[in-house]
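Take a look at the structure set out below.
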Amino acid sequence: MSDTATKDVELAQSLESQQLELQVPITFSDISYSVQIKKENKVILTGLDGSFLPGRMCALFGPSGCGKTSLMDVLAGRKTTGTISGTIRFGGAVVKKEDLKHVCGYVEQFDNLVEELTVVEMLNYAVELKLPALSRAEKHDRVEEVISLLQLQGCRDTMIGGELVKGLSGGQ
């Protein structure tokens with residue numbers, strides 16, 4: 001094995017161990033969510049319990065309208081209307097509902113990325129929207145951390161692209 005290949009393997013192992021240290025289980029119990037539609041209270045979720053374990057993929061399946069996206073939005077702190085109850089824990093610690101959007105996210109079924117932006121521009125845009133209280137230096141550091149963790153250094157200045165604009169590959 002060449003020196004470069006050895007260093008690449010060591011770097012990958014180091015990154016993997018760092019990522020494992022950052023991973024915590026997400027558990028939720030008795031999650032309920034309802035919204036007021038006209039004069040009727042519509043229950044979307046009721047009494048749900050579950051967990052997402054670190055290093056494990058979790059897929060939600062079910063027919064259209066059964067509450068999959070609503071559950072994920074509640075857990076990620078994306079719901080801004082309606083009534084939410086229940087407990088969400090990260091690594092056993094309860095997270096306040098207003099803090100969820102800062103510590104949690106998920107990959108949606110469809111990408112909502114701006115095709116004309118580069119990877120670094122899209123991440124800067126996202127950090128401005130999601131973490132406005134951070135200083136400019138902290139925002140820069142957060143973007144660089146994500147690029148490093150996702151191993152996107154080689155394509156950081158590549159346009160995202162899409163159906164009409166050539167850009168990143170699906171794997172990137």
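The values are calculated or read from the model by the stated rules, or taken from the named source; none is laboratory data. Note that the structure is a prediction, hence the values are computed from the model and not measured. Areas reflect the complete protein model, heavy atoms only, side chains present, ligands, DNA and RNA absent. Shrake-Rupley method; radii C 1.70, N 1.55, O 1.52, S 1.80 Å.
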ask   = Setting aside same-chain residues fewer than 8 positions from Lys39, which lysines have a Cα under 30 Å from its Cα?
value = Lys68, Lys79, Lys96, Lys97, Lys101
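State in Å² the accessible area per residue of the stretch 94-158; use a 1.4 Å probe, count heavy atoms of protein chains only, and round to the nearest integer.
Numbers: 4700 Å² over 65 residues.
Averaged over the residues of the stretch 94-158, the accessible area is 72 Å².
Rounded to two decimal places and with Rh computed the Kirkwood way over Cα pairs, what is Rg over Rh for the stretch 48-172?
Numbers: Rg = 16.6 Å, Rh = 16.8 Å.
We get a ratio of 0.98 for the stretch 48-172.
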task = Please report, as a whole percent, how much of the solvent-accessible surface of the stretch 77-121 comes from carbon and sulfur atoms (probe radius 1.4 Å).
result = 50
